[in-house]
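Trainee: I have a structure I would like to understand better, so I am pasting it below and will then ask my questions one at a time.
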Amino acid sequence: MLTLTRPALAAPILAGLLGASVLGTVAARAQAPEVRADNAWARATPASAKVGAVYVTLTSPAGDTLLGASSPASRVAEVHEMTMDGAVMRMRELAGGLPLPPGQPVTLQPSGLHIMLVDLKAPLRQGGTVQVRLNFARSAPVDITARVAAIGAAGPPGAAAPPAMPGMKMP
Ligand SMILES: [Cu+2]
């Protein structure tokens, strides 16, 4: 009789264990960190340019790290930072990724952080869009559609234009 009872008992226990682990997975998914991406935009590029930059504001409620990016618009996409080296502005790839502190928006913008599109397949045209996938250490990848503003624009398309500064040449 015992040999019959054991499997009969084991089945509900197994089902219970499986149920618990499935529920655990669902709960883990519901709590999986997500990164919010707002205001994605890019600057149009001259016809001869081989690189372009994409900007976006990222907010990770739980904290995360932007590890890298990819785009169908270029061969490579890298997370870059502009820094002043004396009077010279340089940029470098953030090798360890870009930390996103919990709940604190991090804005990629001109003269600062940006996604650099290296080896553009075609120039970025004003009025168009460019797709970029952002990859994070913890969260699922986030696909953004960046709207392309004018060459040298200071902000996303539709944003207020910066005041003209007579005598100052903008790059
Ligand atoms: Cu760059």
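Trainee: Sort 96-103, 73-80 by the packing proxy (mean of other Cβ within 10 Å over each peptide's residues), most packed first.
Mentor: The densest-packed peptide leads the list: 73-80, 96-103.
Trainee: Give the peptides 55-67, 83-95 in descending order of average Cβ contacts within 10 Å, highest first.
Mentor: Those peptides, ordered most packed to least, come out 55-67, 83-95.
Trainee: Per-residue HN-Hα couplings for segment 118-131, Karplus 6.51 cos²θ - 1.76 cosθ + 1.60 at θ = phi - 60°, whole Hz, x for Gly and Pro?
Mentor: The phi angles translate into 9, 6, 4, 7, 8, x, 7, 9, 3, x, x, 9, 9, 8 Hz.
Trainee: Let me ask another. Quick one: Karplus J couplings for segment 98-113, per residue in order, coefficients 6.51, -1.76, 1.60, θ = phi - 60°, nearest Hz, x for Gly and Pro?
Mentor: After applying 6.51 cos²θ - 1.76 cosθ + 1.60, I find 9, x, 10, x, x, x, 10, x, 10, 9, 8, 8, x, 6, x, 7 Hz.
Where a number appears in this text, it was derived from the coordinates with a stated rule and is not lab data. Note that the structure is a prediction, hence the values are computed from the model and not measured. Every residue, glycine as well, gets a Cβ built from its backbone with ideal geometry; the counts of neighbours run over all protein chains shown.
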